[in-house]
Structures are given as structure tokens and as C-alpha cells.
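J.: I'd like to ask some things about the structure below.
The values are calculated or read from the model by the stated rules, or taken from the named source; none is laboratory data. Remember, predicted model here, so these are calculated numbers, not experimental data. Cβ placement follows ideal geometry from the backbone for every residue including glycine, while neighbour counts extend to all protein chains displayed.
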Ligand code: TXA
Ligand code: MG
């Protein structure tokens, strides 16, 4: 067992207070947490992740009551969304209060806020008593970690302490909604479905926003293997084409899409559950496991985009996106 892995929440809160880094399980993915009010602690997040300083961090709060301490005049939509989905996998981008560090927001006039529901994250936030800045606990450009073992594989002892908490329930990152402008806008599909958010708002969500979200550019969730994302009807032909030059190929698809598929010999087949939430839960571990086999190409089936299917399809498209260093974000 790794020397920096454990379940001691009081110890973890002490590390945060002294400017250290704690990896914490949330219901979405593991976060790499630091005291959001300490420039030096926040700087260590960027150093350890290898992430450019301009990419803003989400501040995690214990309770929706803390919204007003970090957001300037949040407004009715923000309050309704916080009441409906916090604690839970929703991040709100709000106009920031003056005390919020430029180190956290990348100099933006807004701040990302989230109240996670995972009991270990909740316990840490309550023990620490203030905002914890945390991106996903992976190196820049890698797939987000959904177990403590994934965190240790990526970051090793560069993180002072890793709180164990089992496998993350949701398995993909939070939904990001920008409520800083005139109308709420969806910046990243995630653990709360767009349908559920629209039901609370009583109207359709705009897509994207004038606020730049650098971390939502292509190739954010890339394994080492080349990923090709296609609709289920193109799986067989795409796999055959990828394998035709002798490349090692794996197919990652919902079980139903695999049922009647004829594939070339030697292709590794990994079935995901058909249910979108179960698919999201296992997605990153499946990508990591496949990557560990050293396969050259992963042909992934894009699921139906209802509910959490939208987040799964979004992450697969990003994993299949261009691998240019300048837009590789994690
Ligand atoms: O589920 C999650 O959201 C996880 C857990 C740990 O909470 N966190 C996470 O953080 O995914 P990260 O840093 O890997 O992704 C956060 C995204 C980035 O794309 C970042 O650009 C965007 O949120 N973001 C944060 N603050 C923002 C802001 N003020 N304006 C626009 N985008 C922002
Ligand atoms: Mg990330």
C-alpha cells in the first residue's frame, strides 16, 4: 500500500491547512484539492498536473449556503439549480466575489462552484471549513481518475495524501452551467442530465457561452491509444478498416451494439452496460484498462445522447479529438 493513501479525513484537512495537496473522491471523479484561498497551494495544483495557469479551477464547497460567499449576486436561476442539484454533480459558473484569487479563476471575472455529494468529500470540506480548489486528479491531458489507484498511478507521491473512497459513483465529471450571463448556458455535459436541468429552469438551456472554457477544448480526455468514435452502425466497418494494416484494435461499445457484430479475428472486445448511467460509471476505467493492454486503436461506439449518454458521447468525442499540445487539457 502506498504511504500517502489512507482514510484519515482530519489528517487530510490538516494537510490542506498547511498548503498541501489532497486527492479526494467525489461522486464524479477524484479531485486534486488545495486551499482555494492560498496562492501558493493553488500554484502547486498547476505544477503537479502540468496544467497551464490560465485554465480555471472549480472551488468545492461543503454546502449551498456558501454560494453567496463566493458568487456575486447569483440570481434566481443559480439559486434554483443549487437548491435542486447540490450536493451533486453540477458546477455553476458565477460572477466571482472580489476575494476569489486570480490563481483560481485564471484571471476570469467568474468562478466555478460545486458542492459535491460524496461522503468523503463532504467530510473533508466540513473538516477544512472553507473552499477547496480542485481539478480532476490526473496529469494534464490524461483520462480523469475514478479510483484511488488511478490517482496514484498518475500522480504517485506528488500528491501529499490520497483519500480512499472506493470507485466514484457517476464516473464522468460534473455538468457545467454558466449562470454569469443573461441566460444559463451548458458548457460541459456531465453527471446531471440536461433534461433534468431544463426541467428545473422551465426552459431550454443555451449551449456554450461567451465565457471561454479552455479546458473544454478537444482532446481533454485522451488515453494513449488512438480513439475513433463512431455511431454503432459503423462499428464493424470502422474496426475492419483500423485492423487492415495490422494495428492492434479494441472495440468499446454497449453490449447491445456488440450483440450482432461480426469483427475481424484478434480484436479485443470490451462491453459497456447499455444503461447510460452505468456506462458513464465504467467509462474511464475501461479506457484506462484498454490503454494498459497497449492496444494501438480503440474504436468506441457513441451512445444515444439522452440523459448521461450526452456526457459519455462528449468524452468519447474529445478522446477521439486532435492531439495538439496546445489544446490538450486536463
Ligand atoms: O466533476 C468535476 O467537475 C471534477 C470534480 C473533481 O469536481 N472536476 C473537474 O475539474 O472536472 P477540471 O478542472 O478537470 O475541469 C473543470 C472545467 C475546466 O474545463 C475549466 O476550464 C472549467 O471547468 N471552468 C472552471 N472554472 C471556470 C470558469 N470560471 N469559467 C469557465 N470555465 C471554468
Ligand atoms: Mg479535468
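J.: Quick one: would you say residue 270 is touching a helix residue (DSSP H, G or I) at 6+ places or on another chain (Cβ under 7 Å) and within 24 Å of residue 174 (Cβ to Cβ)?
T.: Answer is no for this residue.
J.: Next up: Name the one entry in 167, 142, 148 that is at pLDDT below 95, more than 29 Å from residue 79 (Cα to Cα) and surrounded by 21 or more Cβ atoms within 10 Å (Cβ to Cβ).
T.: 142
J.: Here are some residues: 82, 43, 64. Which one is more than 16 Å from ligand 2 (Cβ to nearest atom), surrounded by 22 or more Cβ atoms within 10 Å (Cβ to Cβ) and in contact (Cβ under 8 Å) with a residue 24 or more places away in the chain?
T.: Going through 82, 43, 64 in turn, the sole match is 82.
J.: Is it true that residue 116 is assigned to a loop (DSSP other than H, G, I, E, B), touching a residue at least 24 places away in the same chain (Cβ under 8 Å), within 16 Å of ligand 2 (Cβ to nearest atom) and closer than 19 Å to residue 46 by Cα?
T.: no
J.: Identify all residues within segment 201-223 that are at pLDDT 95 or above and either exposed (fewer than 15 other Cβ atoms within 10 Å of the Cβ) or within 14 Å of ligand 1 (Cβ to nearest atom) (or both); write none if there are none.
T.: 202, 203, 204
J.: Next question, about the same structure. Specify which of the listed residues (59, 42, 48, 24) is touching a strand residue (DSSP E or B) at 6+ places or on another chain (Cβ under 6 Å), in a helix (DSSP H, G or I) and modelled with pLDDT of 95 or more.
T.: It is 42.
J.: Still on this model: For residues that are within 16 Å of ligand 2 (Cβ to nearest atom) and not in a strand (DSSP E or B), scanning just segment 122-139, find the one that is modelled with the lowest pLDDT.
T.: 139
J.: Let me ask another. If you go through segment 99-108 one residue at a time, do you hit one that is part of a loop (DSSP other than H, G, I, E, B), within 15 Å of ligand 2 (Cβ to nearest atom), assigned by TED's automatic domain parsing to the domain that holds residue 11 and crowded, with 24+ Cβ neighbours inside 10 Å?
T.: No, the conditions are met nowhere in segment 99-108.
J.: Further question: Mind listing whichever residues of segment 52-72 are near ligand 1 (Cβ under 8 Å from one of its atoms) and out of contact with any helix residue (DSSP H, G or I) (no Cβ under 7 Å at 6 or more places or on another chain)?
T.: Answer for segment 52-72, where residues must be near ligand 1 (Cβ under 8 Å from one of its atoms) and out of contact with any helix residue (DSSP H, G or I) (no Cβ under 7 Å at 6 or more places or on another chain): just 58.
J.: Please verify whether residue 181 is in contact with a helix residue (DSSP H, G or I) (Cβ under 8 Å, 6 or more places away or on another chain), away from ligand 2 (no atom under 13 Å from the Cβ), assigned by TED's automatic domain parsing to the domain that holds residue 37 and assigned to a loop (DSSP other than H, G, I, E, B), treating the condition exactly as stated.
T.: Spelling it out, it is not the case that residue 181 is in contact with a helix residue (DSSP H, G or I) (Cβ under 8 Å, 6 or more places away or on another chain), away from ligand 2 (no atom under 13 Å from the Cβ), assigned by TED's automatic domain parsing to the domain that holds residue 37 and assigned to a loop (DSSP other than H, G, I, E, B).
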